1. Out of curiosity, is ASP146 more than 20 Å from PRO126 (Cα to Cα) and out of contact with any Gly (no Cβ under 9 Å at 6 or more places or on another chain)?
2. Quick one: how many residues across the stretch 38-56 are modelled with pLDDT of 95 or more and either of a type outside the set (Ser, Thr, Tyr) or not in a helix (DSSP H, G or I) (or both)?
3. What do you reckon, is LEU201 crowded, with 19+ Cβ neighbours inside 10 Å, more than 19 Å from VAL99 (Cα to Cα), without any contact (Cβ under 8 Å) to a residue 40 or more places away in the chain and under 19 Å from the mean Cα position of the chain (by Cα)?
4. What about LEU145, is it in contact (Cβ under 8 Å) with a residue 12 or more places away in the chain and more than 16 Å from the chain's Cα centre (by Cα)?
Amino acid sequence: MRSLLALLLPVLLVTACAARGPLHPNAVALNKAGAYALAQGDLDTAQARLELAVEYHPNFVEAWINLGLLELSRGDLAMAEKRFRRALAIDRDAAGARVGLGAVAERRGDLPLAEKEYRAALAIDPGLAEPRANLARLLADRGALDEARVHLRRLIEVQADDPAGWMALCEVLWRMGRDPEAAQVVDEARARLGDRPEVELLLARRDLRAGELDEAIARLEPLAKEPAAIGRAAGGWLAVARLEKGDVPGARAAARAVLARDPEDRLARHVIEKTGT
């Protein structure tokens, strides 16, 4: 589940209003430019722009939230919390600040508090994808699969074009043993997203669970060459499919290829352990 839904945070690029009083146009422009710099990883530039934005308008809620996200990026949890609480002091319905506080709690290892903050954000705005995805991930990680399924169903309604939600929902359904429902979700994802690599991986996983090993392997072999996470995931499942087919050398080769990219990949390590050193 951790590989399917990463920690999501709401970088606020634009704003329609402030909590108190009209916004200076320069403040709006600086917040937008600062959020862009933050998204690009240019933290010093982002800080300068966002701090100027709150100089123009000290009650600029969205800029304070973005400053909190900046401090979170730096790993300064105390300062990040301070920024998010400043935003909430201005506007108690600042859902983005609640998401930020949830992320701070996660980084500190206080997962019950993180869940509470994500739920608070959703109580303010049920349409936000970030707290919904983060909450679903935490629920799935602690085994609350049915509630995770409920939130993932809602997530794909508000963020239907992001394959991560579809993949996470299928993973939860497979963990619950609800293969027919998962198969239907795979079809829905394909209809919505087309033949994206993530959808191909879901189709291969469905084939694998149905015992259609040749079909699964045919899908997984090209996918394993994809960059980043999707290629590693496909490579791990390719190793599993080959192992189930009885191709031990092929399974080990696929697993080793994954471990060369990520030595901590659990699926690849599992295949290596099952096939001997």
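The values are calculated or read from the model by the stated rules, or taken from the named source; none is laboratory data. The structure presented is a predicted model; accordingly, all values stated were derived computationally and were not measured. Note: ideal-geometry Cβ built from the backbone for every residue, glycine included; neighbour counts use all protein chains shown.
1. no
2. 13
3. yes
4. yes
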